[in-house]
Ligand SMILES: [Zn+2]
């Protein structure tokens, strides 16, 4: 099944449900970043979470950044997801591998460790809205639900899952079910939803059993006035980096120093952390590339896109 997002409502609009299948884009991230099993699960869950959160934004062009900063060996996760269905992301240490946890599953919580979840919502006006919560378990699903409940006061249940084996990612995705403000005081409704989502016992087993998103919605909310929206949105791994942006990132070093390095070292190199693409600037580049545009604005964009700049 293609990577996709499907929306539904129930209980006279009091419940909002969103489901994503992210199998292919998670496999693409695994290959681009050469991720270990546990790193694939951690990044895959966070990318699904980012897409689910972004789906609740209204304005075209809205994006959300989800940063998981823990003290575990994974050294953090960063995901950038858009309302348009694009997502990209990376982890600090893609090679970390841990023994399975007590449940015999990939130990994402152990890899992430203790720390904080930072969510930045950018609706395109230039004033991103950010909030921080402490990590509950580092397993990502619990942490995202905790963020939605504490930062947005929206009772929410989240299921995220990535199944990765020797042949790569065979199933990935997630579900977000929220009780909207008009129904949020209905404690029985909130409790019913929480128990049903818990009873789902994971997301990837359902996908592997051949269930589609509409079938999963029906199992969950079929007796509660479920309406599934007929449109499905295509999801994909996509990075907005480019050669010009790379040059802007290098400008952080200072133009004189950059020119000096390009001449002395016969080129400079930058890797985009989000997608792993490597860009090279050589002394053949027209120098006016380095002087155009708004310096200040570019720096903001490039720090976002590039974490490390190193010389080739
Ligand atoms: Zn990139």
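Would you work out if the range 149-225 is rounded, prolate or oblate? Take a ≥ b ≥ c from the square roots of the eigenvalues of the alpha-carbon gyration tensor; rounded if a/c is under 1.5, else prolate when a/b is larger than b/c, oblate otherwise. Please list the in-between numbers first.
Values: a/c = 3.01, a/b = 1.85, b/c = 1.63.
Because a/c hits 1.5 or more and a/b exceeds b/c, the range 149-225 counts as prolate.
Of the peptides 175-184, 15-24, the order by per-residue mean of other Cβ atoms within 10 Å, starting with the highest, comes out as 15-24, 175-184. With a cut-off of 17 Å on the backbone N, no residue of the range 5-20 is near the modelled label site 7 Å out from residue 187 along Cα-Cβ. For the range 1-111, averaging the sequence separation of C-alpha pairs within contact (under 8 Å, six or more residues apart) and dividing by the residue count gives a relative contact order of 24 percent. The mean sequence separation of alpha-carbon pairs under 8 Å and at least six residues apart, normalised by the residue count of the range 130-253, gives a relative contact order of 16 percent.
Listed by Cβ neighbour count within 10 Å, with the fewest neighbours leading, 140, 228 appear as 228, 140.
Ordered by the count of other Cβ atoms within 10 Å of each Cβ, fewest first, 114, 69 give 114, 69.
Taking the beta-carbon count within 10 Å as an exposure proxy, list 62, 75 from fewest neighbours to most.
Details: 62 19, 75 16.
The fewest-first ordering by Cβ neighbours comes to 75, 62.
When you count the other C-beta atoms within 10 angstrom of each residue and take the mean per peptide, 271-278, 155-162 line up highest first as 155-162, 271-278.
Between rounded, prolate and oblate, where does the range 34-145 land on the alpha carbon gyration tensor, with a ≥ b ≥ c its root eigenvalues, rounded for a/c under 1.5, else prolate if a/b exceeds b/c?
Values: a/c = 2.25, a/b = 1.90, b/c = 1.18.
Note, shape of the range 34-145 comes out prolate.
Where a number appears in this text, it was derived from the coordinates with a stated rule and is not lab data. Since this is a predicted model, take the numbers as computed values, not measurements. Cβ: placed from backbone, ideal geometry, glycine included. Neighbour counts: every protein chain shown.
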